[in-house]
Amino acid sequence: MAALPGEDAVRIAHAPTDRGIKSTAAFLEATEQLKAEGHPIEVDLIEGVPWRECLARKAKADVYFDQVKLGYGNNAIEAWGMGIPVIAGAAPATQEEMVRRFGDLPFYNATESTLYDALRAMLNPSIRELYAHRGLMHVRKYHDERVVVEQLKDVYRRAAG
């Protein structure tokens, strides 16, 4: 499946702080397989750069891969805030707690063994749009500065007794 003339590649960014924890090898293997099959993708592996550059490169992505073991982190929150869909994953107990707390998972759920399928699904613009919207709504509801300030005020009130 070769890219058609003029067809833009889907840019997939990944900024691992620790390649082992972030499943970077599985990510690179899956993206190489997609490229070998002729899918129009571009990989941006963001490492060893200042946060400002990481953020600027992430902003150019169509999809952000966080990691598949621990849930999601700051990179995912930043990507969602920019309207970029995220692929992530977590242990079953962590996912159950997220669904209990949030009502659903804001990311496209994957494991190392399903990462290829998740990346391939994200080639579909409708899937990207759905998960971009989910992520942005999640950030606004749970990670917006006003929400966090209210949470901190509550913590300080309880600590002060």
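The values are calculated or read from the model by the stated rules, or taken from the named source; none is laboratory data. On a predicted model such as this, the values are computed, not experimentally measured, just so you know. Note that each Cβ is placed from the backbone with ideal geometry, even for glycine, and that neighbours are counted across all protein chains shown. To get the accessible areas, we keep the full protein, side chains included, count just its heavy atoms, and leave off ligands, DNA and RNA. Shrake-Rupley method; radii C 1.70, N 1.55, O 1.52, S 1.80 Å.
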Qualifying residue in the stretch 7-15 (condition: among the β-branched types (Val, Ile, Thr), touching a strand residue (DSSP E or B) at 6+ places or on another chain (Cβ under 6 Å), more than 15 Å from GLU112 (Cβ to Cβ) and part of a strand (DSSP E or B)): yes
Residues being aliphatic (A, V, I, L, M), surrounded by fewer than 23 Cβ atoms within 10 Å (Cβ to Cβ) and either in contact with a Pro (Cβ under 7 Å, 6 or more places away or on another chain) or free of Cβ contacts under 8 Å to residues at least 60 places away in the same chain (or both) - total across the stretch 62-94: 5
Any hit, the stretch 119-142, residues being within 23 Å of VAL43 (Cα to Cα) and in contact with a Leu (Cβ under 7 Å, 6 or more places away or on another chain): yes
Enumeration of residues in the stretch 95-106 that are open to solvent by less than 40 Å² (accessible area, probe 1.4 Å) and either in a helix (DSSP H, G or I) or of a type in the set (Gly, Ala, Ser) (or both): GLN95, MET98, PHE102
Where ALA59 falls short, out of the listed (1) open to solvent by 60 Å² or more (accessible area, probe 1.4 Å); (2) at pLDDT 95 or above: (1)
